[in-house]
């Protein structure tokens, strides 16, 4: 009796995936050779745990017929089928726009259909191509990690399988995959890498090149994960209430410092290019500032690194009795009787109507120590420069400054009679409230 034919690498990879992942999986299938291997392999291993999604991007007239072919294949296999038309238009950034729209639509189908995962058909050769693309464009270790086996709910169970094994699997089942002309579109970098660069490397160094490139990307992913974990701990150690400790940042090795800054930027919603990261690192190192997207600034001053937003626009407001009024990062309330033990600013009764506004050039305040510039009070109180225009000033009917809120004159407890209370909502001040 002859030996049984060895199991397809596609089937082996999918069997391992379903053994390790619970729940149902939505298969993203275009009809190309890679996705047909994903579809048929999953149907052989775990048909009761998969559904099929095929999307029409709206970029090729043939796409509608290709979606219908996938629908028919799913019907023959007895698998649930889902589709959507994305309605994209050709133009700049088409690849990125198509990718974003595709994953957004797949996620909507996943959630609506109760699937745990979305599986794409990326292969070992895709991994090698991605690595070459990123190296050609310029990348750090993070980019060299290439395509991840899992990103959130998106999984890539065939990432370790070569394209030759994929093609053999599909041919053995008598299937005719769709030929996507974008794979030969010379205007696209991936198509040029696939059609000329990778074959040239294989011709020069042998058929193991794609596997070795993919193995390098996998090793880079492991190294990057370790460094990212260390950077996360370093970020927590560097945190202070208003930003990051500059001394703690400067003490880090360069590779770790860059990752800390990048992780912090991501938290703050700052999209950081390699150039911006270099400028930010230089500003931290020497002290100074650099511009960020969205009219924001990174400021490294006085041992503190922080991100400053654009100056807020704050209007003048009246202060009626018994009503909290929001102004800048505070809220204020005028009261006839302040509870015992609550600090407040006492009104003398001669102010008439009182209101709240931001500072104006030359603003001064009278007190027991004489006249003081509001600007000096804000500086002495260590109010960040970008917040000073929105710092509330209590004023009388004539516009004279009575109180630089929370800073000067100092608050008193046990105020008898009418007074103004203030509460900070999201800012730390030197004297507190």
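First measure r as the distance between the Cβ atoms of residue 68 and residue 200, then evaluate 1/(1 + (r/R0)^6) with R0 = 30 Å and state the FRET efficiency to the nearest 0.05. The pair residue 68/residue 200 has a calculated efficiency of 0.20.
Residues of the range 41-83 with an amide N closer than 12 Å to a point placed 7 Å from the Cα of residue 173 along the Cα-to-Cβ direction: 41-47, 73-79.
Starting with the fewest neighbours, write out 307, 365, 166 ranked by other beta-carbon atoms found within 10 Å of each beta-carbon.
Numbers: 307 20, 365 23, 166 27.
If I rank by nearby Cβ atoms, fewest first, I get 307, 365, 166.
The label-point distance for residue 385 and residue 185, in a model that sets each label 7 Å from Cα toward Cβ, rounds to 4.7 nm.
Over the range 1-156, the fraction of Cα-Cα pairs per 5 Å bin, rounded to whole percents and listed from the shortest bin up, is 2, 8, 16, 20, 20, 16, 10, 5, 2, 1, 0, 0, 0.
I need the peptides 204-216, 83-95, 144-156 ranked by packing, meaning the mean over residues of other C-beta atoms within 10 angstrom, with the highest value on top. Before the final figure, lay out the partial values.
Numbers: 204-216: 14.9, 83-95: 12.2, 144-156: 17.8.
Top to bottom by mean Cβ count within 10 Å: 144-156, 204-216, 83-95.
With the alpha-carbon atoms of the range 321-389 aligned to their principal axes, the span from lowest to highest coordinate is 33, 27, 25 Å, starting with the largest. The distance between label points at residue 7 and residue 242 comes to 6.2 nm (points 7 Å beyond Cα on the Cα→Cβ vector).
Full extension of the chain between residue 286 and residue 266 gives 4.9 nm of extra length, using 0.36 nm per residue less the Cα-Cα distance.
Treat the chain as a sphere of radius equal to its Kirkwood radius over Cα pairs and apply Stokes-Einstein at 37 °C in a medium of 0.692 mPa s; give the translational diffusion coefficient in µm²/s, rounded to a whole number. Working shown, then result.
Values: Rh = 26.9 Å.
Using the Kirkwood radius from Cα pairs, D works out to 122 µm²/s.
Stokes-Einstein diffusion for the range 232-348 at 10 °C, viscosity 1.306 mPa s, with a Kirkwood radius from C-alpha pairs, works out to 94 µm²/s. Fully extending the segment from residue 337 to residue 100 would add 79.6 nm, taking 0.36 nm per residue of separation and subtracting the current Cα-Cα distance.
Its residues counted as N, the range 9-97 yields a C-alpha radius of gyration over 2.2 N^0.38 Å of 1.18.
Give me the mean projected area, in nm² to one decimal, of the convex hull enclosing the Cα positions of the range 137-181. Write out the running numbers ahead of the final one.
On the way: hull surface 21.4 nm².
With the hull built on Cα positions only, its mean projection is 5.3 nm².
The long axis of helix 94-113 is offset from the longest Cα principal axis of the chain by roughly 90 degrees.
From the mean inverse distance of alpha carbon pairs (Kirkwood) and the Cα radius of gyration, derive Rg over Rh for the range 246-308.
Numbers: Rg = 10.4 Å, Rh = 11.4 Å.
Here Rg/Rh amounts to 0.91.
A Gaussian network model of the chain, with springs between Cα atoms under 10 Å, assigns the largest mean-square fluctuation among 59, 235, 36 to 59.
Rule-based calculations on the coordinates, nothing more; no lab input. On a predicted model such as this, the values are computed, not experimentally measured, just so you know. With ideal geometry, Cβ positions are generated from the backbone for all residues, glycine too; neighbour counts draw on all protein chains shown.
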